[in-house]
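To start, the structure itself, in structure tokens.
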Amino acid sequence: MKRILWISGRLPTPLFSGDALYSAGLIKSLALTNEAEVTVVGSRRSERAIEKPFLGLPQINCVDTPPSQVSAALSLISALPKDAYFLATPDLRAKLLELLDRPWDWIVIDHAYSSGFLDIILSRRQSATICYVAHNAEGLIRREIARNFDSPARRLLMGYDARKYRNQEDKILQIADAVICITDEDASYFGRSVKRTYVLPPVFFGQATPPRSLTSDTPRALLLLGSFDWVAKQRNLDILIDSLLSQFKLNGISLNVVGSVPEPLRDRYVSLKPHLVFHGRLPDVSEIASRCRAGLVPELFGGGFKLKMLDYAFARLPIFGLKNAIAGTTEEEQSAMFLAEGVTGLGKKIVENIDNLDLLNQSQDRLFAMFSDRFGLESSAARMHRALL
């Protein structure tokens, strides 16, 4: 049995964000190999107690600490990027010091924001091999995100944090023996620094929707899933709404946004009802998915694999998206999607195809079959076995 310490600045529960979903899928896959003793340590995302057994698997030991109360603003005078500084709490450091007194075969640093403890990891790793789970190529995407803000002050702050992310990523790669990432593009980026680089796609472990057909009775609506607490996600949503909603209103199409959206942003668009509806977080999206004709993948910047694609495919929804937002999918999978180069073209693509029910149904059938084969827990467990065991 391999002894694995999994360091997660934010524990991957509840499963309301892409980073949590990806991490939870990897941890579950690792546990299901039955060849690893996994201890996950990290801060809770809220004051709510962690449900036991962790992720529904009794063989995973979870060591949790309270949510961070650190002032993120103080990161401005730290070498750490904001998220890593915020999550490097005294409580988590104390727990980690205790755990690092034990011998481990692997120490996993899950996400760059979990790397605020590189000093004690380096000094106490003993003979452990270190793996970095890279959710994104932070050194690239953070700089890109910063450039897309209109406010000079926001661009300056985000650019400063992007440089710190790049420096932190470099430090992680200097000590990492292996890297796990999501896409082939990311593997090429990390492969220049770390020879052992593994591509592990995300895992879907929700309930798949039984076969269904879109009909003329299905509302002319689209579904957009996401968590919009991060300022970069909010900026993307602003651009999307400003670009698409006029076309939607003219053509009787509506957009259902499911996920956490700050109240000021929701209030800004209240006049667009009923063509734009914010539903907040939902524990189960199957009912609202059944009232939509497609899912939307519209990210202009941000990088990485968009986990919402799995939710759409397994809910048997076709996908409309931007070509630069579907990283990590194959050419065959992309051929079953409705893709456009820019937001204006995406709106046109939606309007042209929203009533083509035969084509929409063909698309959702093909995507379901292809995604079922590639993104299941069994396939992921085999990949995780090759990477860490």
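The values are calculated or read from the model by the stated rules, or taken from the named source; none is laboratory data. Fair warning: this is a prediction, and the values are worked out from it, not measured in the lab. With ideal geometry, Cβ positions are generated from the backbone for all residues, glycine too; neighbour counts draw on all protein chains shown. Keep in mind that these areas ignore ligands, DNA and RNA; they rest on the heavy atoms of the full protein, side chains included. Shrake-Rupley method; radii C 1.70, N 1.55, O 1.52, S 1.80 Å.
Some observations on this one:
- When we screen 248, 228, 205 for residues that are within 22 Å of residue 315 (Cβ to Cβ) and more than 17 Å from the chain's Cα centre (by Cα), the only hit is 248.
- Scanning the range 55-75 for residues that are more than 14 Å from residue 88 (Cα to Cα), at pLDDT 90 or above and not β-branched (Val, Ile, Thr) returns 61, 62.
- Within the range 95-130, considering residues that are among the hydrophobic types (A, V, I, L, M, F, W, C) and open to solvent by 50 Å² or more (accessible area, probe 1.4 Å), the one modelled with the highest pLDDT: 97
- Restricting attention to the range 260-288, the residues that are touching a residue at least 60 places away in the same chain (Cβ under 8 Å) and more than 20 Å from the chain's Cα centre (by Cα) total 1.
- Hits in the range 1-16 (condition: open to solvent by less than 60 Å² (accessible area, probe 1.4 Å) and within 15 Å of residue 203 (Cβ to Cβ)): 12, 13
- Entirely in the range 269-358, the helices (runs of 4 or more DSSP H) that have 2 or more residues that are among the acidic types (Asp, Glu): 331-335
- Top-ranked residue of the range 211-237 - restricted to ones that are closer than 20 Å to residue 274 by Cβ and of a type in the set (D, E, K, R), ranked as surrounded by the most Cβ atoms within 10 Å (Cβ to Cβ): 220
- The range 244-262, subset of a type in the set (Ser, Thr, Tyr) and either modelled with pLDDT of 95 or more or open to solvent by less than 40 Å² (accessible area, probe 1.4 Å) (or both), residue nearest to residue 341 (Cα to Cα): 254
- Among (1) open to solvent by 10 Å² or more (accessible area, probe 1.4 Å); (2) closer than 19 Å to residue 375 by Cα; (3) touching a strand residue (DSSP E or B) at 6+ places or on another chain (Cβ under 8 Å) - the single one residue 21 does not satisfy: (3)
- Test: residue in the range 147-167 that is over 24 Å from residue 236 (Cβ atoms) and either of a type in the set (Val, Ile, Thr) or open to solvent by 20 Å² or more (accessible area, probe 1.4 Å) (or both): yes
- From 49, 79, residue being surrounded by fewer than 16 Cβ atoms within 10 Å (Cβ to Cβ), at pLDDT 90 or above and hydrophobic (A, V, I, L, M, F, W, C): 79
- Failed condition for residue 40, given (1) modelled with pLDDT of 95 or more; (2) touching a helix residue (DSSP H, G or I) at 6+ places or on another chain (Cβ under 6 Å): (2)
- Consider the range 315-339 and keep the residues that are among the small types (Gly, Ala, Ser) and at pLDDT 95 or above. The one that is most open to solvent (accessible area, probe 1.4 Å) is 335.
- Residues being open to solvent by less than 20 Å² (accessible area, probe 1.4 Å) and at pLDDT below 95 - total across the range 188-210: 4
- Sub-6 Å Cβ pairs linking a first residue in the range 325-350 that is over 20 Å from residue 233 (Cβ atoms) to a second residue that is hydroxyl-bearing (Ser, Thr, Tyr), at least 6 apart or interchain, are 336/363, ordered by first then second residue.
- Hits in the range 97-116 (condition: of a type outside the set (D, E, K, R) and over 14 Å from residue 11 (Cα atoms)): 97, 99, 100, 103, 104, 106, 107, 116
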